[in-house]
């Protein structure tokens, strides 16, 4: 069990508040975090060291030899100070981690009401940047939507257990306290068209860069609504896996200038077929994509050939085409594609094993260990 460290003199709260607000205004920019770390060092507060080491870890590649020593330093800081840093949150949370020095929490279902009461204490809430709430029902979500502490969050994950999930989602979308969110994960909630409409029309989600809606019930209509969402101008990551989206939904996404900032798009395990894939491949609006997942969409050879010949996919570094019944014609086209020169990972693994040894050799000659078969 971690021991609580001897408390230092209280930090001047007005200064801490200013730093934390500035950090949450630009959560992707480490400049203010590192300035805060320097100031905390001057105050003798070890959280400065944690911010600095986590920012450095985030910049290093996974195989960098410096990571091991930085991770040891990170764990020593957390283990030595977790009791004081978690404070009254400790008995209320199911899981927690520090990211770039600030807290990301998963709250116990049975403790949601008490947690929301504790969040009324600004000096506790201000250190929280991310929140995950599981098995939430309408009363809890209604209260959550009204809580001013939501303005402290840049990341929010919600798992809703309510038959009227679409209706209660509209409560959240109307909350004026979501203004700092940059990441919103609403996966596995059976949300449908009405939820897509509520999210797309919310004036409070304009800062979102990541929207995860995997395993819901959006279908083509929901995809079309999201494609037309001019209220979400900053999206760079969109997750729509397992939503029964077909050709028409893919065409709507492909034709939308609102999605021109996307760098990651996950449409795995939908119903796109080769025609839906062709629409995506022909989209100049999606030319900025770095990561594209089309696994489980019956892409077949025709879809693979279209992807290989697209002039708009030259920036892709990850292309996942798992379980798509791609055979030798499609694989051969991918192996010779001039547009896919920047791929760092191509996943063609398939239970059907339609690619023979000759074409497999061509793929490995082109991509080396960057291809998975």
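Taking (1) closer than 18 Å to residue 235 by Cβ; (2) over 25 Å from the mean Cα position of the chain (by Cα) in turn, residue 315 satisfies each apart from (2). Hey, any hits in the stretch 251-266 for a residue that's closer than 23 Å to residue 216 by Cα, surrounded by 21 or more Cβ atoms within 10 Å (Cβ to Cβ) and touching a residue at least 40 places away in the same chain (Cβ under 8 Å)? Yes, the stretch 251-266 has at least one match. Scanning the stretch 300-332 for residues that are outside any helix (DSSP H, G or I) and either at pLDDT below 95 or in contact with a strand residue (DSSP E or B) (Cβ under 8 Å, 6 or more places away or on another chain) (or both) returns 313, 316, 317, 318, 319, 320, 321, 322. Residue 31 passes every criterion in (1) at pLDDT below 95; (2) exposed (fewer than 15 other Cβ atoms within 10 Å of the Cβ) apart from (1). Remark: residue 306 falls outside the filter, which requires a residue to be surrounded by fewer than 20 Cβ atoms within 10 Å (Cβ to Cβ), under 25 Å from residue 257 (Cβ atoms) and either out of contact with any helix residue (DSSP H, G or I) (no Cβ under 9 Å at 6 or more places or on another chain) or without any contact (Cβ under 8 Å) to a residue 60 or more places away in the chain (or both). Residues in the stretch 74-90 that are without any contact (Cβ under 8 Å) to a residue 40 or more places away in the chain and under 19 Å from residue 149 (Cα atoms): 5 in all.
Could you tell me whether any residue of the stretch 218-225 is under 19 Å from the mean Cα position of the chain (by Cα), buried (at least 22 other Cβ atoms within 10 Å of the Cβ), within 27 Å of residue 148 (Cα to Cα) and without any contact (Cβ under 8 Å) to a residue 60 or more places away in the chain? The answer is no, given that none of the residues of the stretch 218-225 is under 19 Å from the mean Cα position of the chain (by Cα), buried (at least 22 other Cβ atoms within 10 Å of the Cβ), within 27 Å of residue 148 (Cα to Cα) and without any contact (Cβ under 8 Å) to a residue 60 or more places away in the chain.
If only residues of the stretch 358-373 that are buried (at least 18 other Cβ atoms within 10 Å of the Cβ) and touching a strand residue (DSSP E or B) at 6+ places or on another chain (Cβ under 9 Å) are counted, the one that is farthest from residue 299 (Cα to Cα) is 367.
Which condition number in (1) part of a helix (DSSP H, G or I); (2) under 26 Å from residue 35 (Cβ atoms); (3) touching a helix residue (DSSP H, G or I) at 6+ places or on another chain (Cβ under 8 Å) is the one that residue 88 fails? Exception for residue 88: condition (2).
With respect to (1) loosely packed, with under 13 Cβ neighbours inside 10 Å; (2) modelled with pLDDT under 95; (3) touching a strand residue (DSSP E or B) at 6+ places or on another chain (Cβ under 8 Å), the lone exception for residue 133 is condition (1). Just wondering, is there one or more residues in the stretch 358-373 that are more than 25 Å from residue 245 (Cβ to Cβ), at pLDDT 95 or above, in contact with a helix residue (DSSP H, G or I) (Cβ under 9 Å, 6 or more places away or on another chain) and in a loop (DSSP other than H, G, I, E, B)? Yes, because at least one residue in the stretch 358-373 is more than 25 Å from residue 245 (Cβ to Cβ), at pLDDT 95 or above, in contact with a helix residue (DSSP H, G or I) (Cβ under 9 Å, 6 or more places away or on another chain) and in a loop (DSSP other than H, G, I, E, B). Does any residue of the stretch 55-73 turn out to be closer than 27 Å to residue 148 by Cβ and touching a strand residue (DSSP E or B) at 6+ places or on another chain (Cβ under 9 Å)? No, the stretch 55-73 contains no residue that is closer than 27 Å to residue 148 by Cβ and touching a strand residue (DSSP E or B) at 6+ places or on another chain (Cβ under 9 Å).
Helices (runs of 4 or more DSSP H) fully within the stretch 111-171 that include at least 3 residues being within 22 Å of residue 195 (Cα to Cα): 138-145. For the stretch 341-357, the tally of residues that are out of contact with any strand residue (DSSP E or B) (no Cβ under 7 Å at 6 or more places or on another chain) and either in a helix (DSSP H, G or I) or buried (at least 18 other Cβ atoms within 10 Å of the Cβ) (or both) stands at 4.
Residues that are under 30 Å from residue 78 (Cβ atoms) and either buried (at least 18 other Cβ atoms within 10 Å of the Cβ) or modelled with pLDDT of 95 or more (or both): does the stretch 162-174 have at least one? No; the residues of the stretch 162-174 include none that is under 30 Å from residue 78 (Cβ atoms) and either buried (at least 18 other Cβ atoms within 10 Å of the Cβ) or modelled with pLDDT of 95 or more (or both).
Whenever a residue of the stretch 231-245 is without any contact (Cβ under 8 Å) to a residue 12 or more places away in the chain and at positive phi, it has no partner that is surrounded by 24 or more Cβ atoms within 10 Å (Cβ to Cβ) and assigned to a strand (DSSP E or B) lying with C-beta atoms less than 8 angstrom away and at least six residues away or across chains.
The values are calculated or read from the model by the stated rules, or taken from the named source; none is laboratory data. Quick caveat: nothing in here was measured; it's all calculated off a predicted structure. Note that we place each Cβ from the backbone using ideal geometry, even for glycine, and neighbour counts take in every protein chain shown.
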